[in-house]
Amino acid sequence: MQLKRAFRVWQRNFTVYTKLYKSSLALNFVEPVLYLAALGLGLGAFVKEINGMPYINFIAPGIIASSAMFAAAYECTYGTYVRMFYQKTFDAILATPVNVDDLIAGELMWGASKSMLYGTIIMAVISAFGLVSSPMVLLVIPVLFISGLIFAEISMIFAAIVPGIDSFNYFYTLFMTPMFLFSGIFFPVDTLPPLVSKIAFFTPLYHLVNVCRSAALGLLPGNLWDVAWLVFVALILAPYPFRLMRKRIMQ
């Protein structure tokens, strides 16, 4: 793999995105804002405080994390699959000096970049509404890239093994949605049954939510172990998208 050629794949995806970005705003931007408004303001009228803070302030950092997660997941499941099978974009790219590993690395980099982009946009929105207590939240931006890489890796692993595009329903229903609901975005994980809490600990979204919430309160140094966990998992998962996607593309 050559980083320069992988960057060219990233650049190709970015160029296409700049022409079509309006179509993805509803999913990756408007939807998180609606969650924040409906739950933060609606449910927040009944739930006064959690952990000593207003409910809307409690969930706002978690919305940053979930937005970043779904941005990478959608890009590296449906986006990757469509480019691979329907648009035949992968075939065209592989007809150039770019090899399979360069292509996969570029896809992962683009998924992580899009995760960071949408997480940063939501961060700016909640900051504009005064829901962030510390400028230290800016330190979350590189963490969004690392976690985005994890979500991109998981998504591409699934994209490599699904028999058809309809099978992504299982991925989102059985994996992404439970992680979204039980990773501490809407309520503290320690209120859940012990078994569920232990399972939540092993999800990347749980650690990203911790980092976002701590940084929003100016407490990021206390959660550096969450960052270390994310880096470790990103490294552990890294070989698998390459192995599985290489096999799928060569079929």
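Every number here is computed from the coordinates shown, using simple stated rules; none is lab data. Being a predicted model, the structure only gives us computed values, none of them experimental. So basically every Cβ, Gly included, is an ideal-geometry build from the backbone, and we count neighbours across all protein chains shown.
The simple spin-label model puts a point 7 Å past each Cα toward its Cβ; for residue 251 and residue 21 those points are separated by 3.5 nm.
Remark: for residue pairs 4/88; 48/114; 22/247, the C-alpha separation exceeds 30 Å in 48/114; 22/247.
Computed from the C-beta positions of residue 45 and residue 190, the FRET efficiency with R₀ = 25 Å rounds to 0.55.
Entry note, the chain: relative contact order of 26 percent, from Cα contacts under 8 Å with a spacing of 6+ residues. Exposure proxy shown here: for 110, 229, the number of other Cβ atoms within 10 Å sets the order, fewest to most, as 229, 110.
With contacts taken as Cα pairs under 8 Å and at least 6 residues apart, segment 97-233 reaches a relative contact order of 31 percent. Summing charges over neighbours of residue 72, with a neighbour being any other residue whose Cβ is under 13 Å away from its Cβ, gives -2 when K and R count +1 and D and E count -1.
Between residue 82 and residue 129, the FRET efficiency from the beta-carbon distance, with R0 = 45 Å, is close to 0.85. On full extension, the segment bounded by residue 139 and residue 166 gains 6.0 nm, given 0.36 nm per residue less the C-alpha separation. Note on the chain: GNM, Cα springs under 10 Å; of 57, 210, 99, the largest mean-square fluctuation is that of 99.
Computed 3J(HN,Hα) for segment 51-59, one whole-Hz value per residue from the Karplus formula 6.51 cos²θ - 1.76 cosθ + 1.60 where θ = phi - 60°, is 6, x, 10, x, 4, 5, 5, 5, 7, glycine and proline marked x. For the chain, the longest principal axis of the Cα atoms and the long axis of helix 224-237 meet at an angle of about 20 degrees. Computed over the Cα atoms of segment 1-86, the ratio of the radius of gyration to the Kirkwood radius (Rg/Rh) comes to 1.16.
Whole-percent P(r), the chain, all Cα pairs, 10 Å bins from 0: 7, 32, 35, 19, 7, 1. Take 6-12, 81-87 and order them by the average number of nearby Cβ atoms within 10 Å per residue, most first; the result is 6-12, 81-87. Helix 3-25 axis versus longest C-alpha principal axis of the chain: approximately 60°, rounded to the nearest ten.
Computed from the C-beta positions of residue 238 and residue 4, the FRET efficiency with R₀ = 25 Å rounds to 0.85.
The rule of thumb for compact globular proteins, 2.2 N^0.38 Å, goes into the C-alpha radius of gyration of segment 151-227 1.27 times.
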